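The values are calculated or read from the model by the stated rules, or taken from the named source; none is laboratory data. Remember, predicted model here, so these are calculated numbers, not experimental data. When we count neighbours, we look across all protein chains shown, and the Cβ atoms used for this are built from the backbone with ideal geometry, even at glycine.
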Amino acid sequence: MGEILVVTFTEAATQELRDRIRARIHQARMAFIQGVSEDPVISALLSSVEDHKTAANLLLQAEQQMDEAAVYTIHGFCQRMLTQNAFESGSLFNQQFVTDEQPLRLQAVADFWRRHFYPLPQALAP
């Protein structure tokens, strides 16, 4: 089976998507076992797939491997890509995920102040 990647915005949405995908796979598997479904999408799959037993087995494998599925937040996906492609992206292997950027802003302001205002002549100071 190929890898499927799902990207969303929040951790809560990530977990909800994971649960919904797992439930949908389970629905499809049960339909292939029973041979019938009221869901129009699954019903179309039932009529287009000849070997229901193999399809049910594949769906069982997908259901069992759902914990390994690539479901990420946008930030998590970006962090994964930067880590996996550290040489190509020129980034560090050990990256930190920063959720509060206020200290970084304060540091940038302090650096800007030191660089641009400290060198000014004293006469310009109020």
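Filter the range 51-77 down to the residues that are modelled with pLDDT under 95 and of a type in the set (Asp, Glu), then identify the one that is farthest from GLU11 (Cα to Cα).
The residue in question is GLU63.
Is there any pair with a first residue in the range 45-60 that is in contact (Cβ under 8 Å) with a residue 40 or more places away in the chain and over 10 Å from ALA31 (Cβ atoms) and a second that is assigned to a loop (DSSP other than H, G, I, E, B) and of a type outside the set (Lys, Arg) whose Cβ atoms are under 9 Å apart and which are 6 or more apart or on different chains, and what are they?
LEU58/MET1
With respect to SER37, determine if the residue is at pLDDT 85 or above, hydroxyl-bearing (Ser, Thr, Tyr) and in contact with a Ser or Thr (Cβ under 6 Å, 6 or more places away or on another chain).
Considered against the rule, which asks whether it is at pLDDT 85 or above, hydroxyl-bearing (Ser, Thr, Tyr) and in contact with a Ser or Thr (Cβ under 6 Å, 6 or more places away or on another chain), SER37 comes out as yes.
(1) surrounded by 11 or more Cβ atoms within 10 Å (Cβ to Cβ); (2) assigned to a helix (DSSP H, G or I): which one isn't true of VAL71, the others all being true?
(2)
Yes or no, residue by residue, for (1) hydrophobic (A, V, I, L, M, F, W, C); (2) at pLDDT 80 or above:
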position: GLN79; (1), (2): no, no
position: THR83; (1), (2): no, no
position: SER89; (1), (2): no, no
position: LEU92; (1), (2): yes, no
position: GLN96; (1), (2): no, no
position: THR99; (1), (2): no, no
position: LEU104; (1), (2): yes, yes
position: ALA108; (1), (2): yes, yes
position: TRP113; (1), (2): yes, yes
